[in-house]
Amino acid sequence: MAGVIGTCSPAFLASPRPLSSQSSKTCIHSLSLTPGECFCTGRKLYRGIGVPIKKERSRFHVAITNVATEISPAQSQAQKLAKESQRPVYPFAAIVGQDEMKLCLLLNVIDPKIGGVMIMGDRGTGKSTTVRSLVDLLPEIKVVVGDPFNSDPEDPESMGAEVRDKIIQGEELPLTTTKINMVDLPLGATEDRVCGTIDIEKALTEGVKAFEPGLLAKANRGILYVDEVNLLDDHLVDVLLDSAASGWNTVEREGISISHPARFILIGSGNPEEGELRPQLLDRFGMHAQVGTVRDAELRVKIVEERARFDKNPKEFRVSYLEEQDKLTEQITSARASLSSVQIDRELRVKISKVCAELNVDGLRGDIVTNRAAKALAALKGRDQVQPEDIATVIPNCLRHRLRKDPLESIDSGVLVIEKFYEVFT
């Protein structure tokens, strides 16, 4: 892996963020109803909440309120203790082999617009362990304090409607830095839990329609991980991929429309023996990584020994890899900062598109993702210019899952893509 991602920058240790800086307030968007006044005819938008209005049936006046709930010092201390008592995560740098999967994950962290990665492989090959180990490497981002959508104070496309309104009005918002969030989506999750819902019981008992944000809101500007994504209900997969592609989630519940940003890196993993995703859904994943069982006996022994060390004393094991983790974190941070300055020659762009055209890849997602992934890899290597070898490294992962036309066919291992690449580039 070190040969793929190049030399590392000097070690960098991200200072931990105090827990109370983010969790001092929790913002809840609510809609209060006051009897006695009529609506106007039509549809009004209140900070992103569209309320259908009918004059003849109106009995309530609509107002938006923000309810901030204070977290006591005792609750803050309890949350800190709970975090410290969680089982330590296996270090990313300690994972043996599986370079293809690790590279795809790192490139998506550097450039989230690549569109996520689908990881398919045999049972027990470390797919879930590798994805969850990314938590330690995720860089810090600026967020608005108390905002449930992790709004970016500098990017209107990643702001909630309320934060955008306050910025337009010239209000100064409290900011903090936090690590990119990783959200696990369980297989049994309902659509309401994923998208968010309206608390109807609260509306009936208190006269308030409060929106409860779902997992998509929590994953905004972060990572949404779906283990065994090929076993997830198709309608939930459609919701996830639509939100990942558009960057917004719209909730339609009980006559109220609420939209909020949902820009996240979608990572899915699964075992091909349990079924494949539909080709049109596979196409929504930016990259595809195949994971195989390690056949080398020496490597297998090393993996077993490392896992035994981790199980025996997780904290000591993590400390032994701290320096490597810090170097990789610094390398990722540097690559994210320099990504915008990386250039790719037009001649290389034309050749990438020629490869896609001759492989009969439908649509243009393959072209776009290959360009983005090649630039991210160049940034990871510390260069400001994309080289043909960068494209050769990433193009199989960007195109092979887009070649399948028949759902009964298996996904190409990448041989066809590599053969076409060398045919076009030489």
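The values are calculated or read from the model by the stated rules, or taken from the named source; none is laboratory data. Note that the structure is predicted; figures quoted are calculated from it, not measured. Note that each Cβ is placed from the backbone with ideal geometry, even for glycine, and that neighbours are counted across all protein chains shown. In case anyone asks, the SASA skips ligands and DNA or RNA and just uses the protein heavy atoms, side chains included. Shrake-Rupley method; radii C 1.70, N 1.55, O 1.52, S 1.80 Å.
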Just give me the residues in segment 103-114 being in contact with a helix residue (DSSP H, G or I) (Cβ under 9 Å, 6 or more places away or on another chain) and open to solvent by 10 Å² or more (accessible area, probe 1.4 Å), in sequence order.
103, 111, 113
For segment 193-206, give me each residue that is touching a residue at least 24 places away in the same chain (Cβ under 8 Å) and loosely packed, with under 14 Cβ neighbours inside 10 Å.
200
Within the set of pairs 6+ apart or on separate chains, which have a first residue in segment 339-359 that is over 11 Å from residue 371 (Cβ atoms), a second that is among the aliphatic types (A, V, I, L, M) and open to solvent by 70 Å² or more (accessible area, probe 1.4 Å), and C-beta atoms under 8 Å apart?
359/416
Taking the residues in segment 386-405 that are open to solvent by less than 50 Å² (accessible area, probe 1.4 Å) and without any contact (Cβ under 8 Å) to a residue 40 or more places away in the chain as candidates, determine which candidate is farthest from the chain's Cα centre (by Cα).
392
Scanning for something over 17 Å from residue 123 (Cβ atoms), under 14 Å from the mean Cα position of the chain (by Cα) and open to solvent by less than 40 Å² (accessible area, probe 1.4 Å), does segment 266-282 turn up at least one residue?
yes
Failed condition for residue 147, given (1) within 17 Å of residue 259 (Cβ to Cβ); (2) modelled with pLDDT of 85 or more:
(2)
Taking segment 172-198 only, how many residues are under 20 Å from residue 262 (Cβ atoms) and over 20 Å from the mean Cα position of the chain (by Cα)?
2
Give the residue that is most open to solvent (accessible area, probe 1.4 Å), with candidates limited to residues of segment 360-385 that are assigned to a loop (DSSP other than H, G, I, E, B) and closer than 17 Å to residue 286 by Cβ.
364
Give the residues of segment 277-304 that are among the acidic types (Asp, Glu) and either closer than 18 Å to residue 104 by Cα or in contact with an Asp or Glu (Cβ under 9 Å, 6 or more places away or on another chain) (or both), sorted by residue number.
283
Taking segment 174-192, which residues are of a type outside the set (Gly, Ala, Ser) and open to solvent by 30 Å² or more (accessible area, probe 1.4 Å)?
174, 175, 177, 179, 181, 182, 184, 186, 187, 190, 191, 192
Matching residues in segment 217-264 - criterion: being open to solvent by 10 Å² or more (accessible area, probe 1.4 Å), under 24 Å from residue 109 (Cβ atoms) and among the polar types (S, T, N, Q)
230, 246
